[in-house]
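Q: Structure incoming, see below.
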Amino acid sequence: MQNGKKVALITGIGGQDGSYLAELLLDKGYLVRGIIRRASYPNTKRIDHLLAKYPNDHEEENSFILAYADLTDSQSLRKVIERFKPDEVYNLGAQSHVGISFDSPQSTININLMGTLNILEAVRQSGLPIRFYQASSSEMFGASPPPQNESTKFLPQSPYGIAKVGAFHLTRLYRDAYKIFASNGILFNHESPRRGLNFVTKKITQEIVKLVLGEKKEIVLGNLDAKRDWGFSKEYVEAMWKILQHNIPDDFVIATEETHTVRDFIKECFDLLGADYTKFIKTSGRYLRPAEVPALLGDSTKAKNILKWEPKVKFKELAKMMLEHDLNERGISLEEASIKIKNIENQKHGI
Ligand code: NAP
Ligand code: GDD
């Protein structure tokens with residue numbers, strides 16, 4: 001606590017979830033601190049509005065402060081914990097792309113697994129009564145058949161998933177062995193207009209905008225049959241906060257309890273424009289992964305009952321929100337996009 005306000009430290013604050021969580025905690029009156037990595041080009045796009053709103057002159061009483069640190073650098077983590085003395089730590093930092101974890105398995109495991117160990121150790125060594133949140137993932141369930149809940153066996157199918165399983169167990173171990181208030185949120189896929197450009201939902205909505213503007217003729221994707229339980233990031237960060245406000249540390253599945261294929265997401269977006277997706281979609285082995293998670297469908301009964309958390313935004317609303325946002329960003333409405341894409345469709349048929 002500082003001047004009667006709770007202090008939260010967020011790793012991965014510049015990411016999709018980190019940016020929404022920072023907004024939520026600032027609204028709740030927290031002093032928010034975040035770590036960012038040095039980058040050769042700005043990596044604060046998602047939080048620039050917060051940097052503009054709150055002075056970031058490193059005065060310790062400021063509401064919002066960023067500090068340079070890295071999950072793979074344990075000394076840097078010890079320094080930020082010592083400096084900020086947080087009440088709550090949200091460990092969201094990660095190499096979060098499953099496909100890329102096959103190209104770069106060692107750095108994925110260094111950041112996602114060793115990074116979690118580094119920050120847990122910094123918390124433990126500080127001796128402070130910190131509440132710790134670990135960003136665990138439905139990717140840990142891997143090949144286990146749906147529906148998946150807190151009792152489902154982990155059968156990870158990627159270096160990313162394996163690192164997250166290790167980090168999950170480290171969090172559980174630090175809770176049991178050292179009595180640290182350490183909890184896992186096992187979050188199913190969650191998206192938003194702020195989603196990274198190379199995740200499938202955002203790739204689809206961005207590429208549709210390019211089709212509409214005539215900048216591209218087709219969209220090339222990988223496995224269209226994979227099923228995911230897709231929710232809205234802004235609602236999922238509320239669940240993270242609730243997990244740390246619960247009276248005991250515990251693990252919770254957070255999901256919409258709906259599952260849809262990648263093809264369903266494409267069709268939903270094209271249906272919003274009244275166009276036929278089959279005329280525009282190609283598949284390529286380039287986007288297939290060496291191993292795949294076939295189907296994710298969360299059962300979040302425990303979170304509903306204990307945390308009273310329930311999502312409002314489901315699949316259809318999410319697809320519309322993301323597509324409309326990306327079109328609007330380029331100055332086009334859904335209606336204008338619909339006319340344009342139908343013209344392109346007709347031209348393809350020589351009509
Ligand atoms: P994201 O947009 O990719 O954000 C990840 C953040 O981690 C970025 O700010 C990134 O910084 C930072 N980061 C990467 N390596 C780091 C390092 N070595 N040290 C410090 N920070 C580092 O991911 P997200 O979608 O917000 O997800 C947040 C967390 O939830 C991740 O741990 C992810 O694995 C997990 N998760 C996500 C989902 C989902 O569907 N979104 C589901 C389950 C779990 P740069 O900008 O500098 O790269
Ligand atoms: N990225 C991507 N690009 N995925 C594609 C593509 C493509 O061109 N074509 C098909 N897919 C398929 C993938 O093979 C996967 O089955 C599905 O679309 C979803 O891929 P992503 O959006 O990359 O997400 P993910 O499910 O692999 O991982 C996300 O969710 C996890 C939770 O289950 C990430 O956010 C992880 O960080 C998170 O832990």
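The values are calculated or read from the model by the stated rules, or taken from the named source; none is laboratory data. Because the structure is a prediction, the values reported are computed rather than measured. Cβ coordinates were reconstructed from backbone atoms using ideal geometry, including for glycine residues, and neighbour counts include every protein chain displayed. Keep in mind that these areas ignore ligands, DNA and RNA; they rest on the heavy atoms of the full protein, side chains included. Shrake-Rupley method; radii C 1.70, N 1.55, O 1.52, S 1.80 Å.
Q: What residue, of 50, 9, is in contact with a Leu (Cβ under 8 Å, 6 or more places away or on another chain) and open to solvent by less than 20 Å² (accessible area, probe 1.4 Å)?
A: On inspection, the qualifying residue turns out to be 50.
Q: Related question: What tally of residues in segment 285-340 results from selecting those that are in a loop (DSSP other than H, G, I, E, B) and either in contact (Cβ under 8 Å) with a residue 24 or more places away in the chain or more than 24 Å from residue 213 (Cβ to Cβ) (or both)?
A: 20
Residues checked against (1) small (Gly, Ala, Ser); (2) touching a Lys or Arg at 6+ places or on another chain (Cβ under 9 Å); (3) without any contact (Cβ under 8 Å) to a residue 24 or more places away in the chain:
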{"residue": "4", "(1), (2), (3)": "yes, no, yes"}
{"residue": "9", "(1), (2), (3)": "no, yes, no"}
{"residue": "14", "(1), (2), (3)": "yes, yes, no"}
{"residue": "21", "(1), (2), (3)": "no, no, no"}
{"residue": "24", "(1), (2), (3)": "no, yes, no"}
{"residue": "29", "(1), (2), (3)": "yes, yes, no"}
{"residue": "33", "(1), (2), (3)": "no, yes, no"}
{"residue": "37", "(1), (2), (3)": "no, no, no"}
{"residue": "43", "(1), (2), (3)": "no, yes, no"}
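Q: Would it be correct to say that residue 63 is open to solvent by less than 40 Å² (accessible area, probe 1.4 Å), more than 22 Å from the chain's Cα centre (by Cα), closer than 22 Å to residue 91 by Cβ and not hydrophobic (A, V, I, L, M, F, W, C)?
A: Yes, satisfied.
Q: Let me ask another. Given the options 237, 209, name the one that is over 26 Å from residue 10 (Cα atoms), in contact with a Leu (Cβ under 8 Å, 6 or more places away or on another chain) and part of a helix (DSSP H, G or I).
A: Only one candidate qualifies: 209.
Q: Same structure, new question: Restricting segment 71-112 to residues that are open to solvent by 50 Å² or more (accessible area, probe 1.4 Å) and either touching a Lys or Arg at 6+ places or on another chain (Cβ under 9 Å) or among the small types (Gly, Ala, Ser) (or both), which is nearest to residue 186 (Cα to Cα)?
A: 96
Q: Of the numbered conditions (1) among the hydrophobic types (A, V, I, L, M, F, W, C); (2) open to solvent by 80 Å² or more (accessible area, probe 1.4 Å); (3) in contact with a strand residue (DSSP E or B) (Cβ under 6 Å, 6 or more places away or on another chain), residue 288 fails exactly one; give the number of that condition.
A: Status for residue 288: all satisfied but (3).
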